[in-house]
Amino acid sequence: MALKSPAFSSRIGFILAAAGSAVGVGNIWGFPTQAAQNGGGAFLLVYLFMVALLAYPMLVAELTIGRMRQRNPIESLRSISDRPFWRRFGTLSGITSLVVLSLILSFYAIVSGWLLAFMLAPIAELLGWSDITRWLTEFSTERDLLMMAIFILLTIHVVRAGVNKGIERWSSRLMPLLLFLLVGMAAYILTLPGAMTGLKMYLSPDFSQLTDPYLLIRAMGQSFFSLSIGVCCMMTYGAYLSKDEHLPKTAGWVALLDTFVAFLAGLLILPAMFVAQELGVAIYNDAGQLLSSDTLVFQVLPAMFDSMGAAGTWVSIAFFALMMIAAITSSISMLEPPVNTLVEEVGQSRSQMSWVVGLSVALVSAIIIYNLDTLFGAVITVTTVYMQPLIGITFAIMLTWVLRQNKLLNALKDGAPDIENTWFWKIWPWYVKFVCPVLILLVIWQSQ
């Protein structure tokens, strides 16, 4: 008998878990940093267009592939066609996507380890452990390795527990807490001197930058990274989604919640940068370029918290706790696809495969840490800016060019029996088939 994938117990459980996958460090660290580097409001505007024009249609496509077969990504992709060539192509696409996903998790674990260190630092300071506080806030190979290892162990712990008792349970707990902290922190930061300068930069686009090819490729990459597209996360979660659910609407809720959190993160981070500047912290160099863009939240914001006196300690703890929640909800969605694939393809236990994949990712993370200057930025750029959109194209090809249209329609009719008569069905298939691949390739070509 074929193995059957586990399932989410409710629609809200799926939405919170999928949004948890989408809402992560990419939203709260990556998006505001990209906005600060690329024209503030101009980046926000292009990002919103990219989500609507490319990311959402591709999100529906990936969820559809997963739910059709309700198996692991490799099996889902190779079962789209009975022809040997396309079965091999589907297998190769699935393997490539899982490798890219593992590389993303490897750098993600490093960043999350930094977040963990900066969350623990003010706690150590409150306890009077000044040496430990200093060690936690100073970048070093030893600290990075230890914090990365702790974060990977936390991720393994959740994934080992399974979909309902692990991923769904923790996402349902952490996502509301994340939203509460994010809204509260943004509201507080906006009351501080200098915040309005950052808010104006964020909400007032410079329209002359809208055609900048670099801005376009970064906004597209950020939209795919934020929504976990092209790396089988959403395909795996789609396999756990009930066939009674209206897939386009459910995908819309995930995209809206993810975009809302990214927008809120911008309301927090960009004003916080200018609050820091008001307090004497340098955020731009003489040429007007953002300082420490990759480590913005680890240098500019802690300096701001230090300048706030006693209140800064508690604000710092809350901020980095927020970041850690976002990190863990995304990391469990990244570890789940390769774990589920090995469980179904090899037939081993979830617990064993969680350890195998988790420790393998930790090993790659350790290699990156030992070669941080060379590998860290390169891995991020290759995986998130280029590979995610390109793999997304292969998924679109498999779904709309290889799969017969009547089968695609039947897959979407699950949970939406009248979808054949809607504008969504009249537009979405050809849009994903023709427009999305062309737009993605055009943006990548223009960036060269």
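Nothing in this text is a laboratory measurement; each read-out follows from the coordinates by a stated rule. This is a predicted model, so every value here is computed, not measured. Cβ atoms come from the backbone with ideal geometry, glycine included; neighbour counts cover every protein chain shown.
For the pair Asn410 and Leu442, a Förster radius of 41 Å applied to the C-beta separation gives a FRET efficiency near 0.80, rounded to the nearest 0.05. Among Val382, Val46, Val315, the ranking by other beta carbons within 10 Å of each residue's beta carbon, starting with the fewest, stands as Val382, Val315, Val46.
Ordering Asp306, Asp414, Asp144 by the number of other Cβ atoms within 10 Å of each residue's own Cβ, fewest first, gives Asp306, Asp414, Asp144. Considering only Ile325, Gly312, Met175, whose Cα is most displaced toward the positive end of the charge dipole of the chain, charges sitting on Cβ of Lys, Arg (+1) and Asp, Glu (-1)? Most positive-ward Cα: Met175. Across the options Leu227, Gly198, Pro248, the greatest Cα extent toward the positive end of the charge dipole of the chain (unit charges at beta carbon of Lys, Arg, Asp, Glu) belongs to Pro248.
Per residue, the convex hull around the alpha carbon atoms of the chain comes to 141 Å³. The long axis of helix 141-160 is offset from the longest Cα principal axis of the chain by roughly 40 degrees. Spacing of the modelled spin labels on Ser130 and Tyr214, each 7 Å from Cα toward Cβ, amounts to 4.3 nm. Selection among Ile427, Gly358, Leu408 by position relative to the dipole of the chain gives Leu408 as farthest towards the positive end (Cβ unit charges, Cα centre).
In a DSSP loop and with at most 15 other Cβ atoms within 10 Å, the GluC sites (Glu not before Pro) in the stretch 109-164 are Glu138.
Relative contact order for the stretch 11-446: 34 percent, from Cα pairs under 8 Å spaced at least 6 residues apart, divided by residue count. Here Ser242, Ser333 are placed in order of increasing Cβ neighbour count within 10 Å, fewest first, which gives Ser242, Ser333. Rounded to the nearest 20 debye, the dipole magnitude of the stretch 61-191 is 860 debye, with +1 charges on Lys and Arg beta carbons, -1 on Asp and Glu beta carbons, and the Cα centre as origin. Three principal axis extents describe the C-alpha atoms of the stretch 91-225; from largest down they are 54, 47, 33 Å.
Quick one: Debye curve from the C-alpha atoms of the stretch 339-391, no solvent, what's log10 I(q)/I(0) at q = 0.31 Å⁻¹? Listed by q, the Debye log ratios stand at -0.99.
In this Cβ point-charge picture (+1 for Lys and Arg, -1 for Asp and Glu), the stretch 11-446 has a dipole of about 1520 debye about its Cα centre. Could you estimate the translational diffusion coefficient of the stretch 179-231 from the Stokes-Einstein equation, with Rh from the Kirkwood formula over C-alpha pairs, at 20 °C and 1.002 mPa s, in whole µm²/s? Rounded, D is 156 µm²/s.
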